[in-house]
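Let me begin by presenting the structure, written as structure tokens, before commenting on it.
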Amino acid sequence: MVANNNNSYEVIVVGGSSAGLSAALTLGRTMRHTLVLDGGAPRNKPAGHAHNLFTRDGTPPAELLRIAREQLVPYETVKLQEGYVTTATKTDSGFLLTTQDGVQYATKKVILATGVKDDLADIPGLQELWGSRVIHCPYCHGWEVRHQPVCVIANGEAAEHYGITLSNWHNDITFLTQGESTISTATFDKFKEKGYQVKTAAIASLEKSGSGVKVKLEDGEELTAGAVYYRPEKLRFHNSLAEQLGCDISPDGVVTVGAAFDTTVPGVFAAGDLTHPGLHQLYMAAMGGHLAGTNANRQLTQEAW
Ligand SMILES: Cc1cc2nc3c(=O)[nH]c(=O)nc-3n(C[C@H](O)[C@H](O)[C@H](O)COP(=O)(O)OP(=O)(O)OC[C@H]3O[C@@H](n4cnc5c(N)ncnc54)[C@H](O)[C@@H]3O)c2cc1C
């Protein structure tokens, strides 16, 4: 164990949500001097409740993080701090991280747990309803609107994917392609067989209606739905820290990690949504954080041996 002074740590975890706090718990239990720096914008913040979560189904996202922070209190080698890391560089003894307010922190190991951002399409009302009545994942939020009519903003292969997946939750599905349909003929025929509708007019607005959503199309048609499914086409990193450190980014646009959640840069680990293009679930993030924490500790132990 290395003494912690002058803003110097054994591990710095960047991002203090599911992945980051899970890593911190493991590092606390291995008595590593750890700093968690967090910008305070977890991806599921707009959602009222988190679902499909062992022992915590239906808990508000902020409450999950409150419990996670509370459970870190006994581990005195772990410090949680608000702060947004803007730069990360390699040094002879490890890494130097600098926050937005200019404070520098030295560390032997880094765990990137900064998640991804959803780039929402420019549709009036979408931002306001995102995470409540506009949902992206039926595993997370489908049960609450099961058997209700829904709209799906998707075209082409994304529509096909949603069509198959949602058939387990909904019978009455209207696809909104926002322009000419690129859905394959075979899928289109299957949609017809299932009674699904496809509308190509652009969406004028999304508004609350009762407990659901009113969808106004630019051709004047109005639809009501229990929810609108929508998945942003692009996910973006919150920052360029992985690139600054020289970590390999996969063709899918995520940080490449090995089985130990180690990146291609020795001493840098990554966990959570920024390490895989799908499987964006709280448990997956927590699992990655746990393994990144375990392996950062293992490296430190082996180096000191
Ligand atoms: C609307 C919505 C609802 C969802 N609902 C569910 C659900 O019900 N069940 C489920 O299992 N999954 C759900 N998910 C998925 C889940 O939110 C993610 O899988 C999970 O949040 C990923 O955790 P993470 O720790 O990787 O990243 P995040 O939770 O996104 O946390 C990243 C953290 O890093 C911080 N950060 C970013 N950059 C920096 C920086 N430079 N310096 C310091 N801190 C930084 C951010 O501020 C943030 O606090 C939902 C997702 C969305 C979008």
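General observations
- The residues of the chain expose on average 50 square angstrom of accessible surface per residue, using a 1.4 Å probe on protein heavy atoms.
- Proximity of backbone amide H atoms, modeled 1.01 Å from N, is registered between K109 and V11, I12 at under 5 Å, excluding neighbours fewer than 5 places apart on the same chain.
- Diffusion constant of segment 126-230 at 25 °C, which comes from Stokes-Einstein with the Kirkwood Cα-pair radius and 0.890 mPa s, µm²/s: 182
- Within straight-line cross-link reach of K216, aspartates and glutamates at Cα separation under 20 Å, skipping those fewer than 8 residues along the same chain: D122, E128, D172, E180, E207
- C-alpha long axis of helix 185-194 to longest principal axis of the chain, angle in °: 70
- Mean Cβ neighbour count within 10 Å, used as a protection proxy, ranking 242-254, 42-54, 11-23 highest first: 11-23, 42-54, 242-254
- GluC sites (Glu not before Pro) restricted to DSSP loop in segment 99-181 with at most 11 other C-beta within 10 Å: E180
- Angle in degrees between helix 18-29 and the longest Cα principal axis of the chain, rounded to the nearest 10: 30
- Of the solvent-accessible surface of segment 1-118, computed with a 1.4 Å probe over protein heavy atoms with every protein chain present, carbon and sulfur atoms account for 51 percent.
- For the listed residue pairs K45/K192; K45/K194; K117/K199; K190/K234; K199/K234, the alpha carbons are over 32 angstrom apart in K45/K192; K45/K194.
- Relative contact order (%) - criterion: Cα under 8 Å, at least six apart; region: segment 53-142: 12
- Helical runs assigned H by DSSP (4 residues or longer) give the chain a calculated mean residue ellipticity at 222 nm of -7500 deg cm²/dmol, each run adding -39500 (n - 2.57) before division by the residue total.
- Farthest toward positive dipole pole in the chain [+1 Lys/Arg, -1 Asp/Glu at C-beta], among V145, S240, F261: F261
- Where W130, W143, W305 fall by accessible area, highest first, once all protein chains stay in place (1.4 Å): W305, W143, W130
- Computed on the chain, with alpha-carbon pairs under 8 angstrom and 6+ residues apart, the relative contact order is 21 percent.
- Surface share of carbon and sulfur [accessible, 1.4 angstrom probe, percent] for segment 126-230: 46
- Dipole check for the chain: with +1 at the C-beta of Lys and Arg, -1 at the C-beta of Asp and Glu, and the Cα centre as origin, the magnitude is about 740 Debye.
- Gyration tensor verdict on the chain (Cα atoms; rounded if a/c is under 1.5, prolate if a/b is larger than b/c, oblate otherwise): prolate
The values are calculated or read from the model by the stated rules, or taken from the named source; none is laboratory data. This one's a predicted model, so the numbers in the text were calculated from it and none came from an experiment. No Cβ is skipped: glycine too gets one built from the backbone with ideal geometry, and neighbour counts run over all protein chains shown. We work out accessible area using only protein heavy atoms, side chains counted, and drop any ligands, DNA or RNA first. Shrake-Rupley method; radii C 1.70, N 1.55, O 1.52, S 1.80 Å.
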